[in-house]
Structure formats: structure tokens, C-alpha cells
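Structure first, then comments.
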Amino acid sequence: MSKLRVAVLGAKGRIGSEAVRAVEAAEDMELVAALGRGDGLEALAESGAQVAVELTTPASVMDNLDYCLRHGIHAVVGTTGWTDERLAQLNGWLDASPGTGVLIAPNFSIGAVLTMKFAQIAAPYFESVEVVELHHPNKVDAPSGTATRTAQLIAQARQKAGSAPAPDATATALDGARGANVDGVPVHAIRLRGLLAHQEVLLGGEGETLTVRHDSLHHSSFMPGILLGARQVVTTPGLTFGLEHFLDLN
Ligand SMILES: NC(=O)C1=CN([C@@H]2O[C@H](COP(=O)(O)OP(=O)(O)OC[C@H]3O[C@@H](n4cnc5c(N)ncnc54)[C@H](O)[C@@H]3O)[C@@H](O)[C@H]2O)C=CC1
Ligand SMILES: O=C(O)C1=N[C@H](C(=O)O)C[C@H](O)C1
């Protein structure tokens, strides 16, 4: 059987360099291009890539996806920075490229995907819920894409269940002391040398708390999700948001 032709964008980065190794080691894949900043995108089409794994920066991702979709190249995207406006633009490009698939995964690790699922299930059963994400200090965005998505999913679950807003008597606060407000859910971002990617969802009710915590200790935690995404996206046209859709977890 012919191998899936995969390119990696952001190939010299922290996660991109690990993805290059993972694709090279996958028996059903061939790494046909590994592009870094400044490398011409024409190498993608010339390489015959079927799937581009996009692991660059929020500033680069849109131009890269524009190129991919204009050339019918499927994309697996880990890069953060997704807003409603960006998603609308991406959906427009997808409409113009029928048959092409894009997976955006706020997090490729199974533990993080399950954390989001557990948080969604638990959120309506507790009065209070807050999200704390902890990352390495070289991360350029805050809060993390994972924390933002987690908070959005929590908010959706609580709205569906008719939950009241979480109690909070704060009358005065220093800017930022209560975190960022993502759809009504406070999200706190820690940046600490020694960490990689971690998240806690804190839930509180009368006389009890529940903490759901996940730790990515190495970039290898993201690789099975990236490879699964590359295998599935080629037969899944349009936009898929979240790896859970490829894991029967939605
Ligand atoms: N979804 C997930 O599971 C994960 C997502 N990420 C996200 O992936 C992105 C990259 O993270 P890191 O590897 O830690 O950052 P990094 O800064 O180590 O790597 C980014 C790389 O992309 C390169 N780059 C920038 N513009 C480019 C372009 N136009 N073409 C090709 N390469 C380009 C940079 O030179 C750099 O080498 C971030 O948005 C991060 O949040 C990171 C880990 C897991
Ligand atoms: O920058 C990182 O490192 C990570 N970015 C993603 C995010 O913002 O959620 C995924 C993971 O947390 C690692």
C-alpha cells in the first residue's frame, strides 16, 4: 500500500521537530517536506504532500493554510490563536476547496482531550468552576488554546444544563487577579521554567471540590494524536475542530 505523504511546517520548533521524527518513524507515512521559517511554501506542492502538519505560530498559520487549501493539501493544525473571525475565513477557503480536510486540535494528547471531556461532564454538577493552565515560559500566547477550548466547552455544558453563574463576591481586584474571562469561566495562566504543558480544572460544590488535572511531560505526548489526525483528515473533508471527533468522544 502506498504511504501517506506528509509535510511538517514549523519543523525546527519544539513540537515540529518531534513531529518530524514521529512521521519518519511511522511505517505508513513518508516525510516529504520539513519546512521552517523562511522556506518557500512552493516546496509543499512540489513535494506532492497530501497532508501538512501545521505547527508554527499564530502569526504564520493563516498564510500557510491559505496555501494548503489553494493546492488541495489537507492540514492537521496544532497552532493556537483561533478566533471566530479566523475560523470563518478558514471555512470560506474550505468552501472553495471541496474535498479538502482540516483538523484543528487545541491539544493532541489523549489526556488533555479526556480532561476536556471530563470537565464538560462535571461542570453542570458544581456551583463553581475555574481553569488553571501552566506552561513553559517560552509560550507566546495566553491563555493556552487548550484552556480556552476547555472553558468554552464548560460554558456550553453549563448553559445547556441551565446552571447559574458561579458565585463570586469579588468587589475590588487588581487587573488580572481573577484571570481571563472566557465565556464566563475564569482562566488563569502560569508560566514557569521547568514546566511543559499542564492544566487543572477546579470544580467546587457544597462541602466538596473536584480537580481534573493533566500533565504533558514531553512533546511525545502529542505524537499519537498528530499521526491519527493525519491518517483521518484525508478522508474527512471540511473543518474538524478537536481531536475528540476522531476518537468517538464527541
Ligand atoms: N495542539 C497541540 O497539542 C500543541 C500545540 N502547540 C502549539 O504549536 C505551536 C508551536 O509551538 P512550539 O513548537 O512550542 O513553538 P516554537 O516557537 O518552538 O516553534 C514554532 C516554529 O515555527 C517556525 N515558523 C514560524 N513561522 C513559520 C512559517 N511561516 N513556516 C514555517 N515555520 C515557521 C518557527 O521558526 C519555529 O521554529 C504553538 O502555537 C503552540 O501553542 C504546541 C504543542 C502542542
Ligand atoms: O505552546 C505549547 O506548548 C502548547 N500549546 C497548546 C495550547 O496552547 O493549548 C497545547 C499544549 O498546551 C502545549
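Kindly express, to the nearest 10 degrees and within the range 0 to 90, the angle between helix 223-233's C-alpha long axis and the longest C-alpha principal axis of the chain.
Approximately 60 degrees, to the nearest 10.
Treating only the Cβ atoms of Lys and Arg (+1) and Asp and Glu (-1) as charged, compute the dipole magnitude of segment 24-162 about its Cα centre; round to the nearest 20 debye.
Roughly 620 debye, rounded to the nearest 20.
Taking the alpha-carbon set of the chain, what are its Rg and Dmax in Å?
18.9, 64
If the reach is capped at under 19 angstrom between alpha carbons, list the lysines near Lys139, excluding any in the same chain fewer than eight residues apart.
Straight-distance partners of Lys139: Lys12.
Only bridges whose two residues both fall in segment 63-222 count here: according to DSSP, what percent of them are antiparallel, nearest 5?
Roughly 70 percent of the beta bridges in segment 63-222 run antiparallel, per DSSP.
List, largest first, the extents of the alpha carbons of segment 93-181 along their principal axes, each in whole Å.
So the three principal-axis extents are 51, 36, 27 Å.
Which distance in nm do the two modelled labels at Arg37 and Leu247 give, with both placed 7 Å along the Cα-to-Cβ direction?
Inter-label distance under the simple model: 3.1 nm.
Let me have the 222 nm mean residue ellipticity of the chain computed from DSSP H runs of 4+ only, each contributing -39500 (n - 2.57), with the sum over all residues rounded to the nearest 500.
-10000 deg cm²/dmol
For segment 108-250, report the translational diffusion coefficient in µm²/s to the nearest whole number, using Stokes-Einstein at 25 °C, 0.890 mPa s, and a Kirkwood Rh over Cα pairs.
151
If we count every other residue with Cβ under 13 angstrom of Gly111's Cβ, Lys/Arg +1 and Asp/Glu -1, where does the sum land?
Its environment carries a net charge of -1.
Compute the convex hull volume of the Cα atoms of segment 169-250, divide it by the residue count, and report the result per residue in Å³ as a whole number.
Cα-based convex hull of segment 169-250, divided per residue, equals 174 Å³.
Can you pull out the trypsin sites (Lys or Arg not before Pro) in segment 161-220 whose DSSP state is coil and whose Cβ has at most 10 other Cβ atoms within 10 Å?
Arg193
Treating cross-link reach as a plain straight distance, find the lysines whose alpha-carbon is under 24 Å from the alpha-carbon of Lys117, omitting any fewer than eight places away in the same chain.
Straight-distance partners of Lys117: Lys160.
The numbers here are math on the coordinates, done by the rules we state, and not lab data. Small disclaimer: the values here were computed from a predicted structure and weren't measured. Virtual Cβ from ideal backbone geometry, glycine too; neighbours counted across all protein chains shown.
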